[in-house]
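Asker: Okay, handing you the structure first.
The values are calculated or read from the model by the stated rules, or taken from the named source; none is laboratory data. Note that the structure is a prediction, hence the values are computed from the model and not measured. Because the Cβ atoms are built from the backbone with ideal geometry, glycine has one as well, and the counts that use them run over all protein chains shown.
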Amino acid sequence: MATDVHRPVTPQAVHVERLTRSFDGRAVIDDLRLDVRPGEFVALLGRSGCGKSTLLRILAGLDRDIEGTVLVPRRKAVAFQAPRLMPWKKVWRNVLLGLPGKPERAVAEQALDEVGLGHRSDAWPKTLSGGEAQRASLARALVREPDLLLLDEPFGALDALTRIKAQRLVGELWQRRGCAVLLVTHDVEEAVLLADRVLVMDGGVIAHEQRVGLERPRDITDPRFAALRAGLLERLGVEATAAEAA
C-alpha cells in the first residue's frame, strides 16, 4: 500500500485525497477527501466505528498502512482521551517526553502555566485529578509548538463541570496559538461550541459539512446554536427533542 505523509505543499494545513484504510479486507476509510485550513478549528462527528479515530491516527502518523495522499505539517501533536502519563515521572518530565534533544524544565513549566497547571509541575501523575491529568496531556502537546493539534475525544472521561472548563481552555489555547485543530468527538454540542466547521463521517467518508457562523464566545441558549445542534443530530440519526429544536 502507498503512503504519502509529509509537509503540505498546498495552502492547507491538512490535505487528504483518495484515502483508504482497510482492516481484514474491509474499508473503514474509503476514498476519503479532507482539507483543513491553517488556523481552522474542525470537529469530526460520527457513529462509533465510523473511522473517526482511525483518521486521526493516520494524520498523527501513527498508522501508515494506507492508500492515498495525506499531507500534514511536520510539527503536529496529539492528545487522547486517556492522558497516558508515565506514573514514575513527575508532571514536568511527562510534558517533555518525546521531545528531541535535552529540553530544559522551563519549557515544560511554561506550557504547564499556559494550561493553568504550573503549581503542579512537581506532582506525581497519580495525585492529579482527571481534569488536571488532561491539562498535563495538553501541555505535552503544546510544547511541540504544533501547526496541527489533533484531539481524540480528550474530554470524554471528564465529569460535566470539568468538561466545560476543559472545553473553554482548549478554545482559549486555540485562539492564542493560532494552530489548526481537528477534534474527534461524540458530543454534538461540544462540536458546535468550539468548531469553525463540523464534519460528519459516515460510510468511511465525510458525508456532511456544516459551517458554524456564530460569533464567539458562543451561547448554547442561542436559537441558532440549537438549530445547528438539531440539524447535526438529525444527520447522525438522532431525533432532537422539542426543547432542543426550539
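Asker: Please give the helices (runs of 4 or more DSSP H) falling wholly within segment 49-159 in which 2 or more residues are within 16 Å of the chain's Cα centre (by Cα) and of a type in the set (Gly, Ala, Ser). Before the answer, list the steps.
Answerer: On the way: elements: 52-59, 91-95, 105-114, 130-142.
In segment 49-159, the matching helices (runs of 4 or more DSSP H) lie at 130-142.
Asker: Please go through segment 90-117 and pick out each residue that is farther than 19 Å from Leu173 by Cα, of a type in the set (D, E, K, R) and surrounded by 13 or more Cβ atoms within 10 Å (Cβ to Cβ).
Answerer: Matches in segment 90-117: Lys90, Arg93, Arg105.
Asker: With Gly171, Gly204 as the choices, which residue is under 14 Å from the mean Cα position of the chain (by Cα) and buried (at least 18 other Cβ atoms within 10 Å of the Cβ)?
Answerer: Details: Gly204 fails: under 14 Å from the mean Cα position of the chain (by Cα).
Only one candidate qualifies: Gly171.
Asker: The conditions are (1) in contact with a Phe, Trp or Tyr (Cβ under 9 Å, 6 or more places away or on another chain); (2) touching a residue at least 12 places away in the same chain (Cβ under 8 Å); (3) of a type outside the set (Asp, Glu), and Trp88 fails exactly one of them. Which is it?
Answerer: Just one mismatch for Trp88, condition (2).
Asker: Next question. Given the residues Leu44, Leu32, which is the only one that is in a strand (DSSP E or B), in contact with a strand residue (DSSP E or B) (Cβ under 6 Å, 6 or more places away or on another chain) and within 16 Å of Ala180 (Cα to Cα)? So that I can check it myself, show each step before the final result.
Answerer: On the way: Leu32 fails: within 16 Å of Ala180 (Cα to Cα).
Testing whether each residue is in a strand (DSSP E or B), in contact with a strand residue (DSSP E or B) (Cβ under 6 Å, 6 or more places away or on another chain) and within 16 Å of Ala180 (Cα to Cα) leaves just Leu44.
Asker: Take segment 32-54 and flag every residue that is in contact with a Lys or Arg (Cβ under 6 Å, 6 or more places away or on another chain) and either among the hydrophobic types (A, V, I, L, M, F, W, C) or farther than 14 Å from Asp202 by Cα (or both).
Answerer: Listed by number, the residues that qualify are Val42, Leu44.
Asker: Which residue is nearest to Arg144 (Cα to Cα), if the candidates are limited to segment 72-89 and must be aliphatic (A, V, I, L, M) and crowded, with 18+ Cβ neighbours inside 10 Å?
Answerer: For segment 72-89, the residue satisfying everything is Ala77.
Asker: Would you confirm, using the coordinates I've provided, whether Ala13 is closer than 29 Å to Ala106 by Cβ, of a type outside the set (Phe, Trp, Tyr), surrounded by fewer than 18 Cβ atoms within 10 Å (Cβ to Cβ) and modelled with pLDDT under 95? Please lay out each step first, then the result.
Answerer: Details: closer than 29 Å to Ala106 by Cβ: yes; of a type outside the set (Phe, Trp, Tyr): yes; surrounded by fewer than 18 Cβ atoms within 10 Å (Cβ to Cβ): no; modelled with pLDDT under 95: yes.
Considered against the rule, which asks whether it is closer than 29 Å to Ala106 by Cβ, of a type outside the set (Phe, Trp, Tyr), surrounded by fewer than 18 Cβ atoms within 10 Å (Cβ to Cβ) and modelled with pLDDT under 95, Ala13 comes out as no.
Asker: Please find, among Leu173, Leu233, the residue that is closer than 19 Å to Ser48 by Cα, touching a residue at least 40 places away in the same chain (Cβ under 8 Å) and assigned to a helix (DSSP H, G or I).
Answerer: It is Leu233.
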